[in-house]
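Working notes, structure below.
What follows is calculated from the coordinates using simple rules that are stated; it is not laboratory data. Only a predicted model underlies this, so the values are computations on that prediction, with no experimental measurement involved. Don't worry about glycine lacking a Cβ; one is built from the backbone with ideal geometry, like all the others, and counts go over all protein chains shown.
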Amino acid sequence: MAYDVVSENRRKATHGVRLAAERYNAFEQFTRDLQLCVDGLKELVSILSRELSIDAENAIARHDARRALPTISASPDPHFSINEASRMVGRTVEGVEVGHRSDIYGAHRSEAIIIHFTDGSILGIDTGSNAGNLEIDHEQFKADDFHVDFILAWVPPKE
């Protein structure tokens, strides 16, 4: 195994047991050594995948995808509709509708999500913002003055 070769050579270097120096092309050797390291890492991933019963490529893709998630820095105010999202816990999604929300006079354009659960409950997710403030006096507002919020509408299950 490539890992064994690298490990053996590292062990010799650690204990001061080295072969006599001889001339050779260092860059070619470095490239071969790097390839051994790559092969060793592939073997390690294969062993870990087998022993832990996981698919390493999927695990890496999941890890990378998690980086795109937002960071929550504070809890929402108790009266905010985003708190309705906690009602999804334990429910099973039956269907999801996505698209542009019907235009509302005086409001910004928005996309919307409607999630249908198997128990008959429905969660609608829309966005709201104070972007209309720009019409008042665009010179006095900074980017930090604008907000976008989720508007959640919960339809309870059928009785």
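For this structure, a couple of remarks:
- Rounded to 0.05, the FRET efficiency of the residue 151 and residue 89 pair, given R0 = 22 Å and the Cβ-Cβ distance, is 0.65.
- Residue-averaged 222 nm ellipticity for the chain, from DSSP H runs of 4+ at -39500 (n - 2.57), nearest 500: -11000 deg cm²/dmol
- Contact order for the chain, expressed relative to its length and based on alpha carbon pairs under 8 Å spaced 6+ residues apart, stands at 16 percent.
- Gaussian network model of the chain, Cα within-10 Å springs - most flexible of 141, 117, 27: 27
- Label corresponding to mean projected area of the Cα convex hull in nm² when calculated from the structure given, among (i) 14.6; (ii) 20.1; (iii) 9.3: (ii)
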